Amino acid sequence: MSSAAAAAFDTSLVFVGGRWRRCADGRTLPLIDPSDGSPLGEIARGNAADVDAAVHAARTALDGEWGALAAAERGRVLLKMSALVLEQADELARLEARDVGKPLRQGRADALALARYLEFYGGAADKVMGQTIPIANGYTALTLREPHGVTAHIVPWNYPMQIIGRSVGAALAMGNACVLKPAEEACLTALAFAHIAGLAGLPAGALNVVPGLGEEAGAALSSHAGIDHISFTGSVAVGALIQAAAAKNAVPVTLELGGKSPQIVFADADLDAALPFLVNAGIQNAGQTCSAASRILVERKVFDEVVARMAERYRALRVGPALDDPDVGPVISARQHEIVSGYLDLVKDSGPHVAARATLPATLPRGGYYVAPTLVADVSPTHRIAQEEIFGPVQAVIPFDGEAEALAIANGTPFGLVAGVWTRDGGRALRMARKLRCGQVFVNNYGAGGGIELPFGGVKHSGHGREKGFEALYGFSALKTIAIKHD
Ligand code: NAD
């Protein structure tokens with residue numbers, strides 16, 4: 001691939017067994033640029049036959065060159081992929097800008113995260129060790145971590161590069177062969193990733209990419225009898241379908257689902273430090289982030305001050321086409337625009353009030369899916385905008401009095417993905433962190449700068465299983481116990 005080649009490939013093909021080809025029935029789906037609603041190209045509408053071919057190619061890779069590589073050799077291929085992703089970061093960011101509507105800086109951050117995942121998992125590939133277990137004299141017992149086999153990866157459109165990095169990266173490091181089904185709304189960087197894998201020398205069939213509709217390619221993949229593990233990232237409703245499909249074949253499944261994550265601000269917090277995180281975690285990627293801080297809980301003593309300071313930031317937000325690198329780009333689709341607008345209509349009709357709304361410039365391309373970032377204050381914890389995942393640039397600010405009420409509100413949704421706590425009281429930070437029902441808690445920060453090394457996942461409707469960090473390597477492997485009687 002030349003340095004500009006990430007953009008120069010036929011987007012309408014599937015990648016199976018190391019080769020690019022049209023899907024079995026030659027059908028395609030349109031891709032739309034969310035920044036102006038214009039056609040961006042076509043992707044393959046992969047179907048059950050393509051998925052079947054991809055699963056067989058993956059199995060063949062396990063039985064062939066890929067399966068024969070030593071762990072350190074697998075790691076080296078991932079490190080080469082990481083270097084190529086870094087080289088292509090700007091090009092990948094441009095692809096993501098046009099495909100997802102993601103501002104260039106955010107797309108570049110995703111590309112750097114993908115490179116870092118490949119570096120982390122490439123380095124870890126030969127460092128996953130088992131145990132020896134002293135069961136009885138005359139025995140030697142040990143455990144081994146083995147790949148599951150063929151792993152299915154179904155990913156959403158909001159962070160394709162990061163999610164591919166954390167799931168496919170970890171699965172390959174453990175020696176699995178992967179079938180990746182990117183989202184129909186956005187899969188250009190998934191296809192670019194397959195090109196990069198080929199250039200880095202990843203053996204044929206270790207990675208296969210079949211774009212297509214969820215109910216066609218996605219359903220065919222999750223129910224395929226030849227897969228050994230499913231990693232799904234997406235909505236709660238589809239997650240339930242995936243788990244049911246996995247149950248029929250008795251394969252393990254990791255579900256990374258939605259969230260309604262709170263950041264909790266106590267009156268003793270360093271507000272200057274907190275303010276940028278409170279707003280950015282709500283508007284990043286136009287609020288289409290699983291770990292978006294869509295609820296801001298503020299102790300009543302500083303409620304008005306926090307709302308006023310957040311409002312000031314909202315009014316300064318620049319909204320625009322992704323390639324102009326604004327603070328906030330469009331949402332992904334007309335459908336998502338309609339969903340988010342529906343939630344904003346609820347605000348007009350009842351209790352809470354709009355504390356600030358960013359301006360949509362008159363120069364925005366007609367046909368783009370822009371939503372004005374909106375800060376809503378005095379929201380009741382039971383209001384729909386405080387309970388449901390909106391997936392748009394909308395934050396609900398909720399007042400509270402004291403730790404007990406903060407906890408009750410924070411834990412009072414069906415979700416449990418992430419929480420942030422802002423306080424200068426160390427004891428309170430620990431009490432809160434222990435009692436919050438979610439997968440990860442950040443104290444006096446939110447996200448730890450991306451946290452590639454940190455295990456990530458949810459409880460309750462936010463899912464189960466963990467990706468990211470070293471923990472993912474355990475998830476993408478099966479433990480085998482061997483006991484040898486020698487005396
Ligand atoms: P979605 O569930 O509609 O789609 C996700 C993927 O599933 C897509 O590839 C889609 O084609 C596929 N799919 C759809 N129907 C399917 C079916 N019947 N069988 C198999 N596959 C099917 O989700 P979305 O709208 O693309 O993504 C947004 C959701 O993802 C949000 O809820 C968000 O919170 C969640 N998400 C979670 C995390 C996390 O780490 N917890 C990260 C990113 C996004």
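Among the conditions (1) open to solvent by less than 30 Å² (accessible area, probe 1.4 Å); (2) within 24 Å of the chain's Cα centre (by Cα), Ala406 misses just one, which is (2). Test Gly214 against the criterion of being closer than 27 Å to Glu184 by Cα, outside the structural domain of Glu184 (by TED's automatic domain parsing) and touching a residue at least 24 places away in the same chain (Cβ under 8 Å), and give yes or no. So Gly214 does not fit the description; no.
Scanning the stretch 338-369 for residues that are out of contact with any strand residue (DSSP E or B) (no Cβ under 7 Å at 6 or more places or on another chain) and surrounded by 19 or more Cβ atoms within 10 Å (Cβ to Cβ) turns up Gly368, Tyr369. Does Ala286 satisfy the condition of being among the small types (Gly, Ala, Ser) and either in contact with a helix residue (DSSP H, G or I) (Cβ under 8 Å, 6 or more places away or on another chain) or surrounded by fewer than 20 Cβ atoms within 10 Å (Cβ to Cβ) (or both)? Taking the combined requirement at face value, the residue does not satisfy it. Out of Ala237, Ala246, Ala217, which single residue is open to solvent by less than 20 Å² (accessible area, probe 1.4 Å), within 8 Å of the ligand (Cβ to nearest atom) and in a helix (DSSP H, G or I)? Unique residue meeting the criteria: Ala217. When the stretch 435-487 is filtered for residues that are away from the ligand (no atom under 15 Å from the Cβ), under 30 Å from Ala177 (Cβ atoms) and touching a strand residue (DSSP E or B) at 6+ places or on another chain (Cβ under 9 Å), the ones remaining, listed by number, are Leu473, Tyr474, Phe476, Ser477, Ala478, Leu479, Lys480, Thr481, Ile482, Ala483, Ile484. Answer yes or no: is there a residue in the stretch 264-283 that is out of contact with any Pro (no Cβ under 6 Å at 6 or more places or on another chain), buried (at least 21 other Cβ atoms within 10 Å of the Cβ), modelled with pLDDT of 95 or more and of a type in the set (S, T, N, Q). So far as the stretch 264-283 goes, no, none of its residues is out of contact with any Pro (no Cβ under 6 Å at 6 or more places or on another chain), buried (at least 21 other Cβ atoms within 10 Å of the Cβ), modelled with pLDDT of 95 or more and of a type in the set (S, T, N, Q). Among the residues of the stretch 271-281, some residue qualifies, meaning at least one is farther than 30 Å from Arg366 by Cβ, more than 16 Å from the ligand (Cβ to nearest atom) and not hydrophobic (A, V, I, L, M, F, W, C). Considering (1) open to solvent by 40 Å² or more (accessible area, probe 1.4 Å); (2) farther than 21 Å from Glu405 by Cβ, the lone condition that Phe476 does not fulfil carries the number (1).
The values are calculated or read from the model by the stated rules, or taken from the named source; none is laboratory data. Here the structure is a predicted model, which is why all the values come from computation and not from measurement. Because the Cβ atoms are built from the backbone with ideal geometry, glycine has one as well, and the counts that use them run over all protein chains shown. The area values use the complete protein model at the heavy-atom level, side chains included, leaving out ligands, DNA and RNA. Shrake-Rupley method; radii C 1.70, N 1.55, O 1.52, S 1.80 Å.
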